Amino acid sequence: MNELAKASNDTYFLGHPKGLVTLFLTEMWERMSYYGMRGLLVLFMTREVVEGGLNLDTGTAMAIYGVYGASVYFLCVPGGWVADKIFGAQRTVLIGAIIITLGHYILALPFEKTFFLGLVFVSIGTGLLKPNISTIVGQLYKPGDIRVDAGYTIFYMSINIGSMLGFLVCGYLGEKVGWHWGFGAAGVGMTFGVIQYIFSKSSLGEAGLRPTLDEAENSSRYFSIFSIFSFLLSLVIISAFIGLWSIDPELLNQLIVYLILLVAIFYFVYLYLFAGLNKAEKGNISMLLLLFIGSVLFWAGFDQGGSSLNLFAKDYTDLYILGWEMPATFLQVANPLMVVIFAPFFAAFWINLGKRNLDLDTPQKFALGCFLMAVGFFVMIFGVEVALENEKAGVKWLLLTYLFHTLGELCLSPVGLSATAKYAPKKYKGQMMGIWFLSSSLAAGLAGLLASKSLESGISSMPDLFMQIIIALCVVGILLLISNRFVKAKELEE
Ligand code: GLN
């Protein structure tokens with residue numbers, strides 16, 4: 001019996017292995033807490049003290065948001081390594097989940113110092129959980145099992161159901177009752193996630209049970225150096241967050257972008273030259289590098305949703321419906337809601353194209369994602385013009401922008417996850433997932449810089465900046481299309 005037939009025996013959950021339920025629910029609660037809190041972050045930091053906020057100026061808040069987003073995803077790199085080398089993915093996810101939960105409860109305390117400590121906990125925990133839970137999904141299936149992509153689509157739905165819950169529950173409590181109530185609700189959600197994971201972990205079986213790196217002792221020396229470097233960098237960021245030393249957050253944001261870029265270059269050079277990979281594996285790394293570049297640009301644009309566009313929603317958008325002013329965070333629900341609605345169509349669409357032999361290669365899908373993101377910003381330029389003329393713009397501008405951003409996300413994000421799981425060399429699966437999230441890290445840092453710039457002189461700075469983002473996205477999209485002709489990846493046997 002071939003591998004495929006063996007793997008297809010486990011069809012417990014919508015035709016997928018039982019372990020997917022565990023991962024679905026854990027990721028759902030984790031994202032509920034993550035996005036619920038993140039939706040409030042910029043608003044909380046920029047509101048005046050009388051409104052319960054921190055009264056930071058917009059530039060500083062954007063930079064802190066950028067540094068936070070960059071740290072969260074940056075820590076996925078050592079997080080992947082900890083799983084590959086020490087605990088295995090399953091246990092690392094549990095440790096991460098517990099740390100995140102503590103982080104949200106710390107955020108619920110109404111003090112400024114503990115606020116930053118809470119952010120540090122959430123970053124470290126997410127770094128441990130996020131890349132590893134994403135790798136376990138792929139490991140539920142045998143190589144060549146055609147259900148992997150669909151598995152990732154289902155998993156992607158859990159991410160977005162979770163973020164919807166987060167924006168609604170934490171957003172409402174945070175904006176309408178009190179910021180720290182919103183943060184506390186994130187902690188409660190995450191507690192459900194931890195309990196659920198502990199009780200159903202056994203259904204994951206062998207997937208991610210053991211560390212994978214002991215077979216690669218020789219090459220792991222380089223990676224240890226890399227991880228120590230990541231760890232030190234994380235300490236620098238963390239200590240700045242808790243106020244052990246102070247630096248202008250915007251400068252820190254810039255430094256972090258350069259450092260992450262350096263780490264990414266270092267890592268790819270290491271993979272090509274020192275990781276002992278064969279030719280086919282190196283070919284796959286080349287494709288993953290392409291995806292990395294596309295992903296950075298895409299998420300840098302996308303992350304404006306939680307920062308500059310979030311402030312645009314709060315201060316320049318007419319949020320009244322039937323006489324009730326909805327929380328600005330509610331507009332953030334548009335993205336995950338549309339993902340949940342459209343994801344199955346996208347999955348079916350890719351399969352349909354495949355049946356007609358019109359398959360798009362992964363870099364082509366990424367290019368499409370970048371173009372759609374560009375269209376979203378184009379729409380937003382009109383929205384900003386309306387707000388400049390009339391003080392407030394209708395919600396339709398942000399909704400339309402988020403529609404294009406979501407369509408772009410569906411071309412890129414689940415596809416990137418499953419491509420990373422499929423094409424990464426086996427011994428480096430955890431780390432490569434870390435690298436996939438490193439692209440989000442670089443993007444978040446970049447997004448912080450862009451967001452500060454976009455509000456430099458109020459929203460009138462937005463149109464020019466958005467135009468530059470559009471041009472950059474189109475250039476990268478075209479680059480992806482051209483390079484796709486030269487780079488081909490293959491799924492590798494174990
Ligand atoms: N929305 C997705 C998630 O939360 C992707 C985020 C990202 O990679 N920047 O997992």
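The values are calculated or read from the model by the stated rules, or taken from the named source; none is laboratory data. Since this is a predicted model, take the numbers as computed values, not measurements. When we count neighbours, we look across all protein chains shown, and the Cβ atoms used for this are built from the backbone with ideal geometry, even at glycine. Accessible surface areas use protein heavy atoms only, side chains included; no ligands, DNA or RNA. Shrake-Rupley method; radii C 1.70, N 1.55, O 1.52, S 1.80 Å.
Based on Cα atoms of region 235-350, Rg over Rh with Rh as the Kirkwood radius reads 1.11. Every Cα-Cα pair of region 378-434 was included, and the share exceeding 14 Å stands at 65 percent.
In region 33-81, what percent of the accessible surface is made up of carbon and sulfur (1.4 Å probe, ligands and nucleic acids excluded)?
On the way: 580 of 1120 Å².
Carbon and sulfur: 52 percent of the exposed surface of region 33-81.
Rolling a 1.4 Å probe over the protein chains gives residue 488 an accessible area of about 120 Å².
When the accessible area of region 317-442 is computed with all protein chains present and a 1.4 Å probe, what percentage of it is carbon and sulfur? Working shown, then result.
Values: 3210 of 4940 Å².
Carbon and sulfur: 65 percent of the exposed surface of region 317-442.
Mind checking the per residue accessible area of the chain for me, 1.4 Å probe, whole number of Å²? Intermediate values should be presented prior to the final figure.
Numbers: 19510 Å² over 494 residues.
For the chain, the per-residue accessible area is 40 Å².
Protection proxy ranking of 30-41, 253-264, by the mean of other Cβ atoms within 10 Å over each peptide's residues and highest first, is 30-41, 253-264. Against the longest alpha carbon principal axis of the chain, how many degrees, from 0 to 90 and to the nearest 10, is the axis of helix 429-454 turned? The two axes meet at around 20 degrees.
In the structure shown, the pairs 427/453; 142/279; 18/427 are assessed against 31 Å; a Cα-Cα span above that value is assigned to 427/453.
Non-local amide H neighbours of residue 393 (under 5 Å, H modeled in plane, Pro and chain starts lacking H): which ones? The answer is 317, 318.
Compute the angle between helix 148-172 and the longest alpha-carbon principal axis of the chain, please, reported from 0 to 90 degrees and rounded to the nearest 10. Roughly 20 degrees between the two axes.
Here is the size of the chain from its Cα atoms: Rg then Dmax, 21.3, 69 Å.
What 222 nm value per residue comes from the helices of the chain, counting each DSSP H run with n ≥ 4 as -39,500 (n - 2.57) and dividing by all residues, nearest 500 deg cm²/dmol?
Numbers: 17 runs with 364 residues, N = 494.
Value at 222 nm, helices only: -25500 deg cm²/dmol.
Dipole size of the chain about its Cα centre, with +1 on Lys/Arg Cβ and -1 on Asp/Glu Cβ: approximately 1340 debye, rounded to the nearest 20.
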